[in-house]
Amino acid sequence: MTELETLEAVLHRRHSCRAFRPDPVPDDVIARITLAAGRAPSWCNAQPWQVIVTRRAETDRFRARLYATATAQSSQPDLDWPKRYDGVYQDRRRACGFQLYDAVGIAKGDRVASMQQMLENYRLFGAPHVALVTSEADLGTYGVMDCGGFIALWTIAATAAGVASVPQAAVAAFAPLLRAEFGIPAHRHILCAIAFGYADTAAPVNQFRTDRAALTDVLTMVGDA
Ligand SMILES: Cc1cc2nc3c(=O)[nH]c(=O)nc-3n(C[C@H](O)[C@H](O)[C@H](O)COP(=O)(O)O)c2cc1C
């Protein structure tokens, strides 16, 4: 196998996991994943990412607070939410939503069941850990871009370590709670959470895989071949 083939195998195995076993991930594995993700490039090598990870008992305590807040209060994210998903973005958003609902047997238009599934975000999908990723506010959009690379690498390194994960903007929506719970200062923007642990591979919600756009929709080559 070439190095690229090895990497492609990991990239294709990675997916967003939404049901976990309760057993925790050892601290040294979490450290190794985080160090590997820190190899991400960043503008001026600023490395604006910082990560707060809860161990299992703390995750359970936080999960209860998060669920109570999310079901009682309106969201207040640090970053602007996407303005809209139009055209192809709307199509892709719908397609992955329907895949999720199909996997768990939610009929199209069943708003109660889809709301319940959405609220699973605030149970962290049963994960034994959550990582909260923050960036330095002064670094602005490029700091967020750097952290996006870090988050992607974190999930890929986790996959290579046998650890399943799901990035969650839904959790970052409750920034004031996260700030108060974990002492996150105002100059750190809360970008997203990553719930992680070992996958419950038999859970229906983990049985689908999302599609990707065709290469022709992504890549434009310029100049003579
Ligand atoms: C920044 C970011 C935020 C996300 N937020 C959520 C979320 O709040 N809840 C959720 O279930 N999935 C969330 N996801 C996962 C996406 O839905 C998922 O990556 C996408 O559908 C592609 O599927 P895959 O990760 O299985 O390949 C998020 C992903 C990213 C990168």
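Only the coordinates and a few stated rules stand behind these numbers; no lab work does. A quick note: this is a predicted structure, and the numbers were derived from the prediction, not measured. Counting neighbours? That spans all protein chains shown, and the Cβs are built from the backbone with ideal geometry, glycine included.
About the Cα centre, and with charges only on the beta carbon of Lys, Arg (+1) and Asp, Glu (-1), how big is the dipole of the chain? Nearest 20 debye, please.
It comes to approximately 660 debye.
Going toward the positive end of the dipole of the stretch 3-208, with +1 on Lys and Arg Cβ and -1 on Asp and Glu Cβ, which of GLN50, CYS96, SER135 do you reach last?
So the residue furthest toward the plus end is CYS96.
Amide H of GLN168 versus every other amide H placed in the peptide plane: which residues, excluding those fewer than 5 positions away on the same chain, fall under 5 Å?
ALA193, ILE194, ALA195
Which of the DSSP-defined H helices in the chain satisfy a minimum axial length of 27 Å, computed from C-alpha atoms, and a minimum mean Kyte-Doolittle hydropathy of -1.0?
Qualifying helices, which must be both long enough and hydrophobic enough, are 140-160.
Largest first, please: the extent of the C-alpha atoms of the stretch 19-90 along each principal axis, to the nearest Å.
Largest first, the stretch 19-90 extends 42, 39, 23 Å along its Cα principal axes.
For the stretch 175-218, what Kirkwood radius comes out of the mean inverse Cα-Cα distance, in Å?
On the way: mean 1/r = 0.0683 Å⁻¹.
Averaging 1/r across every pair of different Cα atoms and inverting gives 14.7 Å.
With every atom except the alpha carbons ignored, what do you get for Rg and Dmax of the stretch 3-208, in angstroms?
Rg and Dmax of the stretch 3-208, Cα atoms, are 16.9, 49 Å.
What is the extension gain from MET1 to ALA36, computed as 0.36 nm multiplied by their sequence separation minus the C-alpha to C-alpha distance, in nm to one decimal?
10.5 nm is the gain from fully extending MET1 to ALA36.
Give me the percent relative contact order of the stretch 3-208, please, defined on Cα pairs under 8 angstrom at least 6 residues apart. Spell out each step's value before the answer.
Values: 308 pairs, mean separation 84.2, N = 206.
Relative contact order here is 41 percent.
With springs only between Cα atoms under 10 Å, which of THR54, THR159, THR210 fluctuates most in a Gaussian network model of the chain?
Of the options given, THR210 has the highest mean-square fluctuation.
If you add up the charges near VAL88, with Lys and Arg at +1 and Asp and Glu at -1, over every other residue whose beta carbon is less than 14 angstrom from its beta carbon, what do you get?
Values: positive: ARG84, ARG92, ARG93, ARG94, ARG212; negative: ASP86, ASP91, ASP211, ASP217.
Around VAL88, the surrounding residues sum to +1.
Take VAL29, project a point 7 Å from its Cα along the Cβ direction, then tell me which residues of the stretch 43-69 have their backbone nitrogen under 14 Å from it.
Zone members listed by number: 56.
For the chain, what is the mean residue ellipticity at 222 nm derived from helices alone (per DSSP H run of n ≥ 4: -39500 (n - 2.57); sum divided by total residues; nearest 500 deg cm²/dmol)?
-13500 deg cm²/dmol
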